[in-house]
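Just below is one structure, and these are the notes that go with it.
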Amino acid sequence: MSLRIGVFVCHCGTNIGGIVSVPEVVEYARTLPNVVCAEGNLYTCSEDGLASIRTKIQEEGLNRVIVASCTPRTHEPLFRKNCELAGLNKYLFEFVNLREHCSWVHMNMPEEATEKAKDLVRMGVAKASLLSPEEDLTSRVLRTAMVVGGGISGLSASITLAKQGYNVELVEKRGTLGGILRNVGRIFPKNEPSSKIMDPLIHEVSDHDRIRIHLGAELLDVKGFIGNFRAVVKTNSHIEELKAGTIIVATGAAELKPAGNFGYGQFDNVLTQLDFEEKYAANYQGLNKVVMINCVGARVEERTYCGRFCCTTGLKNALLIKESNPGAEVSILQRDIMAPGIIHEDYYRQALRSGIRFIRYNTARPPRVLGIGRVAEKVEVYHELTGKELSLDVDLVVLSTPMIPQADNEKLSKVMRIPIGNDGFFLEAHQKLRPVEFPSDGIYIAGCARFPASGSECLAQGYAAAAKAAIPMAQEKVVAEAYTAVVDNLKCSGCGRCLEICPFNAIDWTEPDSAGGHGNAAHVNPAECKGCGLCVASCLSSALFLKGYTDEEILAMVNTMVEN
């Protein structure tokens, strides 16, 4: 069958058309080999533009389509889908990026940008001429989810999935469910006991016949891919394998214990906010002079992030002390108060009205906690706003510290092949485009495992992660891209470089008898491969190639550029 290529060049409003002469590029495209039609569109992604593509495919008998427009990251699926609607295999579509690769980087060079746009289109035509039709890969999905972590996020995710009819394997490393929130006395903003929220949720999860709970469990290994994960879990020296279609990571975080800072560990009456809640448990009698110090261990060189709800926690506990003893002197030493939103702002104003004193300090002159023996007696602080040195008598000093990553995050990252950010928390795929998702398909994240979050946020993220995890299980199958790496067994030398470099563990060894008599060779699992191409670039034997980006296709683009 002879090649019949259609080229569609987008103005993208003024993003491309304001710099590149689109009509000139269209006319040039018509002169290229095997191009039977070329046209310009104001917005190719609009319904008019998409309809034109479908119409031309059918009327002109196009068997290759090229769209020269903006980024493939957001628009390639849309154009591929419309090719399929017109009866053309979606892998016979090629995207040329004229916005990021041309007009945006050459805004002051319109003539040169137009010439470059022609080069890019010509290269796209050269590659499209060698494209071959492919079929998406389909695999079945187990209707079981594994939830790692039994805090409020993990519990909300588990019960949400169970109520939808899916089985849940709940893995918790502690001996009890509830996580760190179970140690909190009262929960903002209504100051209700945490047990009022956590106990019913724990009982509901514990009593549900679709949820199997593994307490005191250690996750040793995770293999597989979306739809068919296999996890090795050790519980009280007993090792078992759990199978799941999707995984939710809700391992939570820990409170920073600032040993050596502001007398913590030196004086018995210097506590963190969580220590305070556990020790006093809503019985605040005898507390007459309390000083709270905010931002202890947060927004500093070794921990640059804000704890997000440390200020709110301090406000809550300060108000509870004042409600119990209106005559108590409560001071909050702060760098600034983070109280975003109407609810938090009202809470802050309530604290002001109650008589709580707010004193601003600077990290250059931090507060000093002084005492005798094991008891702190005074806090000295330089008041930034008044310019005076203050000395405050204390019965109790409470330090507001941020949440920090769990100690085993790095280990879990390696076991599950999920990324960690610079601050030590797990890193989701994209905060806006793919929230509560990891780059690895089928693995999701919720709660403080991704970043410090309040109880209500953790609850909501548990619901969100469960909703995402339920999608592939509801469909009972997943469809993966056909553009994956492939191994030529006869060329493979068995060096193992590709196994080491693959970030998705998608490559393993074949059996000797299946390698064409060549011995052990690498084998790519197409269900796990994401088509990143790292293995292809690392192969010293040229035994690997990536569908849609073969050497022939890439060299065709290079050659047409050089020959011109």
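The values are calculated or read from the model by the stated rules, or taken from the named source; none is laboratory data. The model shown is predicted, which means the values in this text are computed figures rather than measured ones. Cβ sites come from the backbone with ideal geometry, for glycine too, and all protein chains shown count toward neighbours.
Of note:
Let's see how each residue does on (1) buried (at least 23 other Cβ atoms within 10 Å of the Cβ); (2) in contact with a Cys (Cβ under 8 Å, 6 or more places away or on another chain); (3) modelled with pLDDT under 95:
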| residue | (1), (2), (3) |
| --- | --- |
| Gln406 | no, no, no |
| Asn422 | no, no, yes |
| His430 | no, no, yes |
| Gly442 | yes, no, yes |
| Ala449 | yes, no, no |
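- When the stretch 333-358 is filtered for residues that are among the small types (Gly, Ala, Ser), within 35 Å of the chain's Cα centre (by Cα) and surrounded by 15 or more Cβ atoms within 10 Å (Cβ to Cβ), only Ala339 remains.
- If you go through the stretch 23-36 and keep only what is free of Cβ contacts under 8 Å to residues at least 40 places away in the same chain and either on the phi > 0 side of the Ramachandran plot or crowded, with 18+ Cβ neighbours inside 10 Å (or both), you end up with just Val26.
- The residue that is surrounded by the fewest Cβ atoms within 10 Å (Cβ to Cβ), counting only those in the stretch 43-63 that are hydrophobic (A, V, I, L, M, F, W, C) and touching a Cys at 6+ places or on another chain (Cβ under 8 Å), is Cys45.
- Check on Leu427, in contact with a strand residue (DSSP E or B) (Cβ under 7 Å, 6 or more places away or on another chain), outside the structural domain of Leu242 (by TED's automatic domain parsing) and of a type in the set (A, V, I, L, M): no
- For the stretch 128-178, the tally of residues that are among the charged types (D, E, K, R), over 21 Å from Leu459 (Cα atoms) and crowded, with 21+ Cβ neighbours inside 10 Å stands at 0.
- Cβ pairs under 8 Å, 6+ apart, first in the stretch 181-196 and assigned by TED's automatic domain parsing to the domain that holds Gly150, second part of a loop (DSSP other than H, G, I, E, B) and exposed (fewer than 15 other Cβ atoms within 10 Å of the Cβ): Arg182/Thr176; Gly185/Ala281; Gly185/Ala282; Arg186/Ala282; Pro193/Ala282
- Test for Ile507: is it buried (at least 18 other Cβ atoms within 10 Å of the Cβ) and closer than 27 Å to Glu553 by Cβ: yes
- The strands (runs of 3 or more DSSP E) falling completely within the stretch 434-549 that include 1 or more residues that are without any contact (Cβ under 8 Å) to a residue 24 or more places away in the chain map to 507-509.
Every residue, every condition in (1) assigned by TED's automatic domain parsing to the domain that holds Ser456; (2) of a type in the set (D, E, K, R); (3) out of contact with any Phe, Trp or Tyr (no Cβ under 9 Å at 6 or more places or on another chain); (4) buried (at least 17 other Cβ atoms within 10 Å of the Cβ), yes or no:
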{"site": "Cys310", "(1), (2), (3), (4)": "no, no, yes, yes"}
{"site": "Ser331", "(1), (2), (3), (4)": "no, no, no, yes"}
{"site": "Tyr361", "(1), (2), (3), (4)": "no, no, no, yes"}
{"site": "Val375", "(1), (2), (3), (4)": "no, no, no, no"}
{"site": "Tyr382", "(1), (2), (3), (4)": "no, no, no, yes"}
{"site": "Leu385", "(1), (2), (3), (4)": "no, no, yes, no"}
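- Within the stretch 137-158, the set of residues being touching a Leu at 6+ places or on another chain (Cβ under 7 Å) and among the β-branched types (Val, Ile, Thr) comprises Val147, Val148, Ile152.
- Considering only residues in the stretch 1-16 that are in contact with a Cys (Cβ under 8 Å, 6 or more places away or on another chain) and part of a loop (DSSP other than H, G, I, E, B), the one that is surrounded by the fewest Cβ atoms within 10 Å (Cβ to Cβ) turns out to be Asn15.
- Of everything in the stretch 287-332 that is more than 30 Å from Asn422 (Cα to Cα) and among the hydroxyl-bearing types (Ser, Thr, Tyr), the residue that is modelled with the lowest pLDDT is Ser324.
- Of residues in the stretch 510-546 being among the acidic types (Asp, Glu) and surrounded by fewer than 20 Cβ atoms within 10 Å (Cβ to Cβ), the one modelled with the highest pLDDT: Glu511
- Scope the stretch 348-382; condition among the hydroxyl-bearing types (Ser, Thr, Tyr), more than 18 Å from Gly260 (Cα to Cα) and in contact (Cβ under 8 Å) with a residue 24 or more places away in the chain; matching residues: Tyr348, Ser354, Tyr361
- Filtered residue count, the stretch 383-401, keeping only those that are without any contact (Cβ under 8 Å) to a residue 60 or more places away in the chain, of a type in the set (S, T, N, Q) and farther than 18 Å from Lys289 by Cα: 1
- From the options Ser354, Ser331, Ser324, residue that is under 20 Å from Asp268 (Cα atoms) and small (Gly, Ala, Ser): Ser331
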